[in-house]
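**Student:** Okay, here's the structure, questions in a sec.
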Amino acid sequence: MIVLNSAKAITELLEKRSSNYSDRPYMPMNNGIIGWDWNFGLMRYNDAWRMRRRIFHQYFQQSTVDAHQPVQMKATYGLLRNLLERPERFMDHARLHAGSIILQLTYGYEIQGHDDDYVALAAAAREGYAPRGISSSYLVDFFPSLKFIPEWMPGADFKRKAKKWRYSVLALRDRPYDLYKATATQETPKFPSFVAENLERLSTQNPGAEIDDMIKESAGVAYFSGAETTISVVLSFILAMVMYPSVIKRAQEELDLVVGKHKLPNFSDRPMLPFVEAIFLESLRWNPVAPLGVPHANVADDVYEGYHIPAGSIVVGNIWAFFHNKEHFPEPSVFNPDRFYNKDKEDIPLDPTEFAFGSGRRICPARHLANNTAWIAIATILAAFDIEKAKDSDGAVIEPSGEYTSGHTSRPVAFPCVIKPRSEAHRNLVLSL
Ligand code: HEM
């Protein structure tokens, strides 16, 4: 296993030599045992991956994501209303926000209230996604023959766990798709969606179980990845606002000046809000969503700076390491949007939007969508709410620990805070949405 800790090595190998480094290692635990084989994000670099990635890309590429903005706006208004009504449940609201956007875009499905089953299902499946870090955290990944040991044997704990996770991983793929198909036959789907578009286009041209599976699996990947990633950026942002109160004040001054005192920003305001943009970028950098990305593998032997890299090596781009490189980002653990404020692209050594989403041919195909989802949540929360440290029953301020979960994706562990409308007028504004 080779871990690339510098932007230079990542760019050189995963970007410039991407024809060699776009494979994924085969991980028996994730793929065969837990049952993620259908997830093209973990597939080998082959035709099955290419076909799925192509249809995914068509729906989520930069030139089409603007069409998804109305769905993002609607979900964001829902987020603001939820924050007003039950601010202490902000973590649940952030999950619902991401989940409602991706469920509607993927299946045309509108979430059913706060405890929507499908949002909960994605969270359950996350438990079974390389739970202890990058995919190769189980001995069976290095000694695949261990997969044959029976479940009851001492040391086969991984098999017992996998059995539990497998249920939600397969339900995630099948249930929303089956629901779509069951309801779409009764009435025409209410909203355009990834599934509706692809069923119409591909299934009519080329009907058959293979195409049906491809659409179902790609939809399942969108649903899972969409529900469980952007939430981390939004929670990092809220944590940062609690820990760095001066930042929120500056952002609100900018919003009041550019958008107006009692109005909410929308996507067209984005270019005029450089400080809000800097907060968004710093939220991507500070504690990256996927600290170690998703492991790549090389198909052929290679040599880099004198090192021989045998074919089939696991090659990990350590996003966390170069976002915390002191040379590029002095005092890296401090949340400091000024690193990016009013800076031209060439003055930013490492633009977080270019690295947080991985590299080369496996780069996150939904990065433009994710970027918009997180930005609009951040901008509107800043415009409508104050975020402060919570106090205990004696009136003492509670300092958040700043701790993060570990795993393939990382997010702040639960922390208390106070989220309240900036004024009565802001409360009314949110109530009117
Ligand atoms: C802020 C949010 C997000 C971050 C930081 C993020 C980050 C990443 C990273 C680091 C990778 C691995 C890239 C590589 O192998 O080099 C990845 C892959 C992927 N992401 Fe995202 N992602 C985000 C949101 C999303 C969303 C919303 C979706 C779906 C709607 C999505 C779908 C995918 C898929 C399908 C892959 C696998 C691509 C492949 O193997 O070909 N991601 N993402």
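**Student:** Scan the stretch 34-50 residue by residue and report those that are closer than 19 Å to Asn20 by Cα, part of a helix (DSSP H, G or I) and more than 19 Å from the chain's Cα centre (by Cα).
**Tutor:** Taking the stretch 34-50 as the starting set, the residues that turn out to be closer than 19 Å to Asn20 by Cα are 40-50.
With the extra rule that they be part of a helix (DSSP H, G or I), the set shrinks to 40-42, 47-50.
Passing the criteria: Asp47, Ala48, Trp49, Arg50.
**Student:** Are any of the residues in the stretch 345-363 outside any helix (DSSP H, G or I), within 16 Å of the ligand (Cβ to nearest atom), among the acidic types (Asp, Glu) and under 27 Å from Val259 (Cβ atoms)? Before you say what the answer is, go through the steps one by one.
**Tutor:** The initial filter retains those residues of the stretch 345-363 that are outside any helix (DSSP H, G or I), namely 348-351, 356-359, 363.
Next, only the ones that are within 16 Å of the ligand (Cβ to nearest atom) stay: 350-351, 356-359, 363.
Pick out the ones that are also among the acidic types (Asp, Glu) and you get 351.
Filter once more, keeping what is under 27 Å from Val259 (Cβ atoms): 351.
Yes, the stretch 345-363 contains a residue that is outside any helix (DSSP H, G or I), within 16 Å of the ligand (Cβ to nearest atom), among the acidic types (Asp, Glu) and under 27 Å from Val259 (Cβ atoms).
Yes/no matrix, rows are residues, columns are (1) within 16 Å of the ligand (Cβ to nearest atom); (2) on the phi > 0 side of the Ramachandran plot:
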site	(1), (2)
Ala366	yes, no
Leu369	yes, no
Ile378	yes, no
Ala383	no, no
Lys389	no, no
Gly395	no, yes
Ser401	no, no
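**Student:** Between a residue in the stretch 314-337 that is farther than 19 Å from Tyr244 by Cα and any residue that is more than 16 Å from the ligand (Cβ to nearest atom) and of a type in the set (Val, Ile, Thr), which pairs come within a Cβ distance under 8 Å, given they are 6 or more apart or on different chains?
**Tutor:** Partner pairs satisfying both residue conditions: Val315/Ile309.
**Student:** Would the stretch 30-45 turn up any residue that is among the charged types (D, E, K, R) and within 11 Å of the ligand (Cβ to nearest atom)?
**Tutor:** Step one: filter the stretch 30-45 for residues among the charged types (D, E, K, R), giving 37, 44.
Next, from what is left, pick out any that are within 11 Å of the ligand (Cβ to nearest atom): 44.
Scanning the stretch 30-45 turns up at least one residue that is among the charged types (D, E, K, R) and within 11 Å of the ligand (Cβ to nearest atom).
**Student:** If you scan the stretch 89-125, which residues turn out to be assigned to a helix (DSSP H, G or I) and free of Cβ contacts under 8 Å to residues at least 40 places away in the same chain?
**Tutor:** Step one: of the stretch 89-125, the residues assigned to a helix (DSSP H, G or I) are 89-107, 117-125.
Arg89, Asp92, His93, Leu96, Ser100, Asp117, Ala120, listed by residue number.
**Student:** Only helices (runs of 4 or more DSSP H) wholly contained in the stretch 188-274 count here; list those with 2 or more residues that are within 16 Å of Ala379 (Cα to Cα) and acidic (Asp, Glu). Walk me through it before giving the result.
**Tutor:** Numbers: elements: 194-198, 209-227, 230-243, 245-258.
Answer list for the stretch 188-274: 245-258.
**Student:** Further question on the same structure: Need the failing condition index for Ile34 against (1) among the aliphatic types (A, V, I, L, M); (2) farther than 30 Å from Lys420 by Cα; (3) surrounded by fewer than 22 Cβ atoms within 10 Å (Cβ to Cβ), just the number.
**Tutor:** Ile34 satisfies every listed condition except (3).
**Student:** While we're looking at this one, here's another question. Quick one: which residue in Ala425, Ala370 is closer than 26 Å to Phe40 by Cβ and not in a loop (DSSP other than H, G, I, E, B)? Steps first, please.
**Tutor:** Details: Ala425 fails: closer than 26 Å to Phe40 by Cβ.
Answer to the check: Ala370.
**Student:** Restricting attention to the stretch 51-62, which residues are in contact with a helix residue (DSSP H, G or I) (Cβ under 9 Å, 6 or more places away or on another chain), closer than 21 Å to Thr353 by Cα and part of a helix (DSSP H, G or I)?
**Tutor:** Restricting attention to the stretch 51-62, the residues satisfying the condition of being in contact with a helix residue (DSSP H, G or I) (Cβ under 9 Å, 6 or more places away or on another chain) are 51-53, 55-56, 58-62.
Imposing the further condition that a residue be closer than 21 Å to Thr353 by Cα reduces the set to 53, 56, 58-62.
Within the stretch 51-62, Arg53, Phe56, Gln58, Tyr59, Phe60, Gln62 qualify.
The numbers here are math on the coordinates, done by the rules we state, and not lab data. These figures come from a predicted structure and were not determined experimentally. Using ideal geometry, Cβ is built from the backbone for each residue, glycine included, and neighbour counts are taken over all protein chains shown.
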